[in-house]
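What follows is calculated from the coordinates using simple rules that are stated; it is not laboratory data. Note that the structure is predicted; figures quoted are calculated from it, not measured. Glycine gets a Cβ as well: all are built from the backbone with ideal geometry, and neighbour counts include every protein chain shown.
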Amino acid sequence: MLSALFSWFFFLFDPFEGWFIPPIEPQPRLRYSAKPWNEIITGVYGTPPLIKIHDREGKVLWKFERDDVDQDLPDRVHKCLHAGANDATELKYLHNGTSVAAVYSGLIVVVNRTPGSPGIDKKITFALCRDHWYLSNAHTLESLPNDLLAVGTTGSRPEFGILVYNTSKALPLEPDPPIVQNITGIRAIHALIWDEQKQLLWAAGTDIAADGSDNEPAHPLIRAFPWDNETQQLVSDDSLVWQYPGYSDQSVEWGLNYGWWAGAHDLVPIPNERKFIVSDDVGLHFFDAETGKWSDDDAVIDKYMPGFEVTSNDRHGYNTEGTFQELPKSDLKSFNIAPDGSYIYVQTVWKTFRGNHTSLVVNGTRRQINLGDEIYRSRWFGNIDGWPKPL
């Protein structure tokens, strides 16, 4: 009887009338952002090498060179900073833009980027000397949770892979900080991307030796490493490995006697989607992270990169079968897609290892910035929507 009375009460008077229960939304850092994508970070090879953050017109907003460093450094860190290396190979957005992580000169380095606080701006907060056989060719790095940094060691032998270091500002600078984790077996790593949504580190490299020393064709490879929050380490899972189904030599560009196989160069997430575009020495590929499927459909690539133009008219030649090939999308050492659809890319000068400008495409129209610079990578300086860096 009492329950019947309550039923009539709720029927006549809805106590929840006017209440609004908001829908569940993604984390703020995974949501779409309408901010203008104006800042680009570019590494310029030279003596000394240069890291610069600039706008879409190429106007420099912030720069870092080794001569900017006026802090006291351990002797060997200073020596590695001023080494003969002209490298500015990798550059990453860190700490909500207040730091830059880079492969720079003879170092793996994290530098403050705080122009509003000149007292600490351009201060080195982490340094790792690359004067070791296993670090001398490092091509990429990526931030992990809790101030950890993953470094791709980029070699063809089985002992190469990923090294993890603690970059906490509370730790003193030293040339050889302890290795927190060593993951071996993924060769020729050229790209690392943190996946905040799934708590994974994605890596792009090859399955076997890219330099031909295994006497078998090497395939581009993507591998994902889950993050274990309890152990604060990456987990190797053989089920999270996706080998590209084809392989290519590099005879069209470098001649019939060139022994290297085409390997992955950049692994680029599409904003707000679980998809990647992967570049290698001969072209572009599409990878769906949800299905684990590869695709070479030009229409799919063109959907996300409308207005792409080859940067020179000499990207062609004969392959080992004697067939003449055009390779208009070869050798994109870096490219980056912004949430507003604009994108940037660096394509090498044919038969060299770096480009001489950055291409910027807006609304399907390409123009060139950083003309005359020797560049390996340019990237948007910001958190790509759906793919933010860890805090």
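A compact table of results
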{"read-out": "The range 250-351: C-alpha pair distances exceeding 17 Å, %", "value": "54 percent"}
{"read-out": "0 to 90° range, to nearest 10: angle between helix 2-12 axis and the chain longest Cα axis", "value": "70 degrees"}
{"read-out": "Straight-distance crosslink candidates among lysines, where the alpha carbon sits under 21 Å from LYS92 and sequence neighbours closer than 8 are dropped", "value": "LYS35, LYS52, LYS59, LYS63, LYS122, LYS123, LYS169, LYS198, LYS275, LYS333, LYS389"}
{"read-out": "Gap separating the Cα centres of the range 217-258 and the range 132-170, nearest whole Å", "value": "16 Å"}
{"read-out": "Spherically averaged projected area of the range 156-272 from its Cα convex hull (nm²)", "value": "10.0 nm²"}
{"read-out": "Spin-label model distance (nm) - SER117 vs TYR318, 7 Å beyond Cα toward Cβ", "value": "6.2 nm"}
{"read-out": "Spacing of the two label points (7 Å from each Cα toward its C-beta) at TRP133 and VAL60, in nm", "value": "3.9 nm"}
{"read-out": "Angstrom value of the Kirkwood radius, inverse mean 1/r, which spans all Cα pairs in the chain", "value": "22.2 Å"}
{"read-out": "Helical contribution to [θ] at 222 nm, DSSP H n ≥ 4, -39,500 (n - 2.57), averaged over the chain, rounded to 500", "value": "-2000 deg cm²/dmol"}
